[in-house]
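Accompanying notes for the structure given below.
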Amino acid sequence: MPRSARRFQHRLRTALDETLQRVERARWIVGVAARWERFTVWFNGREFSENAVLLTFAVATGVLSALGVVGFYEGIDFAYTAFYRWPGLYLPRMTFLAYRPVITAAGFVLAWWIMYRFGRGHDGMNVPDVQRAVVRNGGDIPSRPAVARTLASAVTIGCGGSAGSEGPVVVFGAAIGSWLGRTFRFAPQRVVVLVGCATAAAISAAFNAPLAGAFFALEEVLGTLSGASFAPVVVSSVVAAVVSRSVLGNHPAFPVPHQYGYAGIGEILIGFPLLGLVTGVVSALFVRVYFATGSAAAGAMRRWRFPDWTLPCIGGALVGILVFLSKGMLVGYGHLALHLDIFGRMAWYALLALGIGKIIVTALTLNTGGSGGVFTPSLYIGVAIGGGVGVLLNHLAPSLAAHPEVYGLVGMGAMIAGATGAPITGILLVFEMTDDYALVMPLMLTVVICHAVARRLEPDSLYSGWLRRRGESIEHGTDRDVLAGLYVRDAYEASPQTIAEETPVAALLQQLEPTEQSYFPVVDNGHRLVGIVTIAELGRLTQNPGVREGLVLAADVARPSDSVALHDSLLEAIRKMGVRGAGALPVVDRRTGRLLGLLNRSHVLEVYERSVRHAAPPKTIDESQVSD
């Protein structure tokens with residue numbers, strides 16, 4: 001046989017063998033998938049207790065999320081070693097520090113490339129993305145962009161970028177919870193709970209704060225404190241804390257050398273309210289600078305049409321220059337943070353400058369190709385601004401005997417509340433980090449003031465603003481968002497019993513038909529709303545002599561009532577009911593005042609339960625028409 005024929009025969013045989021191997025692998029994979037499918041059908045068909053299932057998977061989610069946090073921190077430390085420690089062995093210190101802008105720029109470009117190559121250009125996968133997935137997609141979080149975001153964030157933080165570790169670990173943990181739920185073919189409601197468990201576990205492991213982790217998940221991600229979510233979220237958070245402490249040790253993200261307190265009542269009346277006011281203003285500034293930087297960067301790229309990689313290169317260089325000018329004070333070292341004592345020994349203007357500088361470098365980092373969260377930078381800004389206020393108070397009012405470290409700690413909780421819109425998490429996180437009950441009262445006061453001032457100056461938080469600029473409005477959490485996406489026209493009763501305004505109350509009591517309706521709209525001859533009469537008020541009026549004599553008309557006893565229109569959201573309707581303590585509201589045509597129907601609390605509840613049961617995506621208000 002000719003040599004060419006033998007070669008052709010050999011290649012043909014090799015190709016056939018490879019094809020058979022692929023077929024066998026495919027058959028094996030299909031067989032495993034079929035067996036797993038049968039197992040999940042059997043598992044979900046068993047009548048296991050819902051609490052038992054959720055608590056079991058909460059433990060698994062806590063362990064996996066904590067191990068993910070440990071791996072993420074190791075990745076940050078490896079990136080820091082590769083970018084700084086190894087080159088530092090061969091360069092003099094001052095020469096090496098001068099190269100920091102180049103190193104940071106190279107790290108940003110690498111982080112951008114990871115997202116572009118492995119994340120497929122995905123620009124989301126942060127805490128607001130998890131919130132959106134919980135509300136819109138039943139907790140379905142894609143794994144590939146989440147892993148890419150985690151790797152890119154490790155590079156960003158390790159190369160000297162200003163970003164937080166909580167965003168990546170929340171995304172990675174949420175992806176683990178979502179993957180577990182989808183693997184076991186759970187219903188969306190269970191998947192959502194597991195995502196909340198993983199979020200709590202990630203924050204708990206990252207900050208060694210199980211209580212704050214649990215309430216961050218309930219407050220920011222799930223948006224509910226319902227019993228079905230509370231127990232598994234708490235269990236997952238505690239398990240994650242135990243695992244992380246066994247590996248990383250029992251220390252908080254910001255080391256607190258000893259317990260602090262406040263000097264006297266003067267600080268409660270003057271010092272901490274002032275701190276709340278200042279941190280509220282700074283929180284609003286942080287939000288506005290963050291989004292303005294993103295808009296400016298996007299506009300510059302559209303206007304100049306540079307290659308995509310130039311934005312992270314320029315942003316990284318600017319961040320590196322600012323960090324170099326601060327002598328490295330604007331960022332930590334690897335995954336380790338600066339010590340609290342530093343913020344009590346500096347001049348007040350230097351601390352305020354660090355706080356403003358942190359806002360700028362964080363906005364540049366996260367809007368020019370870097371990856372990470374905003375939670376840890378908020379802590380840094382809070383401790384710097386708080387420490388600055390404390391030092392300044394000591395100069396202006398030495399009699400207060402203020403401890404700047406106390407103001408730094410309280411400032412951290414306040415900035416979390418003002419910048420991210422999570423006041424409960426801010427209070428609990430600082431309390432867990434200090435274990436100092438004496439801080440609770442000033443902390444609560446400052447957080448409340450800061451949150452109120454920040455929302456007054458800037459309605460958006462860093463999380464809700466990110467969503468709103470993408471046409472979403474889910475800052476209230478899952479339950480309220482469902483109501484915000486439903487409208488009065490979906491729930492109102494179009495033909496309620498009504499009362500003519502000239503009807504005598506005595507005759508009215510005899511004419512009313514048996515019904516479950518307890519609120520009766522009073523209308524005029526043009527069917528325009530006059531007011532509302534309740535069945536309870538009619539019962540009390542029977543004792544009035546004027547009523548028995550037919551002298552009292554329906555118009556005389558009708559009381560004014562708030563009303564709703566067909567296009568109003570059910571969330572707005574429920575708020576109006578709550579203000580008035582009403583069980584029903586009339587539905588009117590705003591243009592003519594004509595009564596169109598009646599909206600009852602039971603109607604709202606029925607539509608809400610139906611919407612949740614069918615897991616139908618709620619309608620959203622078109623945010624593109626809302627101006628900044």
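Answer with yes or no whether ALA198 is without any contact (Cβ under 8 Å) to a residue 40 or more places away in the chain, in a helix (DSSP H, G or I) and buried (at least 24 other Cβ atoms within 10 Å of the Cβ). Walk me through how you get there before you give the answer.
Details: without any contact (Cβ under 8 Å) to a residue 40 or more places away in the chain: no; in a helix (DSSP H, G or I): yes; buried (at least 24 other Cβ atoms within 10 Å of the Cβ): yes.
So ALA198 fails the test.
Under 8 Å between Cβ atoms, at least 6 apart or on separate chains: pull out the pairs that start in segment 569-596 with a residue that is polar (S, T, N, Q) and modelled with pLDDT under 85 and end on any residue that is surrounded by 15 or more Cβ atoms within 10 Å (Cβ to Cβ) and assigned to a strand (DSSP E or B).
SER569/TYR487
If LEU400 satisfies all but one of (1) more than 23 Å from ALA202 (Cα to Cα); (2) surrounded by 24 or more Cβ atoms within 10 Å (Cβ to Cβ), what's the number of the condition it fails?
(2) is the only condition that LEU400 fails.
Could you list, in sequence order, the residues of segment 437-486 that are at pLDDT below 70 and in a helix (DSSP H, G or I)?
THR478, ASP479, ARG480, ASP481, VAL482, LEU483, ALA484 - these are the residues of segment 437-486 that are at pLDDT below 70 and in a helix (DSSP H, G or I).
At pLDDT 85 or above, among the hydrophobic types (A, V, I, L, M, F, W, C) and surrounded by fewer than 21 Cβ atoms within 10 Å (Cβ to Cβ): which single residue out of ALA292, ALA240, ALA263 fits that description? If you could, list the steps in order and put the result at the bottom.
On the way: ALA240 fails: surrounded by fewer than 21 Cβ atoms within 10 Å (Cβ to Cβ); ALA263 fails: at pLDDT 85 or above.
ALA292 is the lone residue from the list that is at pLDDT 85 or above, among the hydrophobic types (A, V, I, L, M, F, W, C) and surrounded by fewer than 21 Cβ atoms within 10 Å (Cβ to Cβ).
Can you confirm whether segment 426-436 contains a residue that is at pLDDT 90 or above, in a helix (DSSP H, G or I) and either small (Gly, Ala, Ser) or assigned by TED's automatic domain parsing to the domain that holds VAL127 (or both)? Steps first, answer last, please.
At the first step, the residues of segment 426-436 found to be at pLDDT 90 or above are none.
No, segment 426-436 contains no residue that is at pLDDT 90 or above, in a helix (DSSP H, G or I) and either small (Gly, Ala, Ser) or assigned by TED's automatic domain parsing to the domain that holds VAL127 (or both).
When you go through (1) at pLDDT 85 or above; (2) out of contact with any Leu (no Cβ under 9 Å at 6 or more places or on another chain); (3) part of a helix (DSSP H, G or I) one by one for TYR407, which number turns out not to apply?
TYR407 satisfies all of (1) at pLDDT 85 or above; (2) out of contact with any Leu (no Cβ under 9 Å at 6 or more places or on another chain); (3) part of a helix (DSSP H, G or I) except (2).
For segment 183-206, state whether one or more residues are modelled with pLDDT of 85 or more, in contact with a Cys (Cβ under 8 Å, 6 or more places away or on another chain) and of a type in the set (Gly, Ala, Ser).
No.
Got a sec? Which of ALA106, ALA163, ALA111 is modelled with pLDDT of 80 or more, in the same structural domain as VAL221 (by TED's automatic domain parsing), surrounded by fewer than 20 Cβ atoms within 10 Å (Cβ to Cβ) and of a type in the set (A, V, I, L, M)?
Numbers: ALA163 fails: surrounded by fewer than 20 Cβ atoms within 10 Å (Cβ to Cβ); ALA111 fails: surrounded by fewer than 20 Cβ atoms within 10 Å (Cβ to Cβ).
Exactly one of ALA106, ALA163, ALA111 is modelled with pLDDT of 80 or more, in the same structural domain as VAL221 (by TED's automatic domain parsing), surrounded by fewer than 20 Cβ atoms within 10 Å (Cβ to Cβ) and of a type in the set (A, V, I, L, M), namely ALA106.
The values are calculated or read from the model by the stated rules, or taken from the named source; none is laboratory data. From a predicted model like this one, the values you see are computed outputs, not experimental measurements. All Cβ positions, glycine included, derive from the backbone under ideal geometry; neighbour counts span all protein chains shown.
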